[in-house]
Amino acid sequence: QKQLVESGGGLVQAGGSLRLSCTASGSIFSGNAMGWYRQAPGKQRELVATITSTGSANYADSVKGRFTISRDNAKNTVYLQMNSLKPEDTAVYSCVGYVLDSAYWGQGTQVTVSS
């Protein structure tokens, strides 16, 4: 069964930090790229960060220098460390796993940054 489960969202003040976790089934995680997207109310979903199976990461310009994506292959888990959070980072954050031509999504976790 292919599934992803996110955790770690919540309410934080501007300037604070949160770490999101996404644990995926092995059929999604092993040897595949993973990523995080976010969608704010009234806005399109946007890519936040991706990481390849070998650990190479890419980031949206809006989060470079503040967010870090990482993966623990032993735990089938990908993380998103978010520092210096801003109110505009408020969104539902979803984890995605890429398997061949398919993408598998988690249910999403809410991140709210208060000013």
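The values are calculated or read from the model by the stated rules, or taken from the named source; none is laboratory data. Keep in mind that what you see is a predicted model, and the values were worked out from it rather than measured. Counting neighbours? That spans all protein chains shown, and the Cβs are built from the backbone with ideal geometry, glycine included.
Evaluated against (1) touching a helix residue (DSSP H, G or I) at 6+ places or on another chain (Cβ under 8 Å); (2) at pLDDT 95 or above; (3) not charged (D, E, K, R), GLN3 falls short on exactly one condition, (2). Whether any residue in the stretch 71-80 is over 16 Å from GLY9 (Cβ atoms) and among the aliphatic types (A, V, I, L, M) is what I want to check. Scanning the stretch 71-80, I find at least one residue that is over 16 Å from GLY9 (Cβ atoms) and among the aliphatic types (A, V, I, L, M), so the answer is yes. All of (1) at pLDDT below 95; (2) touching a helix residue (DSSP H, G or I) at 6+ places or on another chain (Cβ under 8 Å) hold for VAL63 with one exception: (1). A count restricted to the stretch 8-28 and to residues that are modelled with pLDDT under 95 and either more than 18 Å from GLY108 (Cβ to Cβ) or of a type in the set (Ser, Thr, Tyr) (or both) stands at 3.
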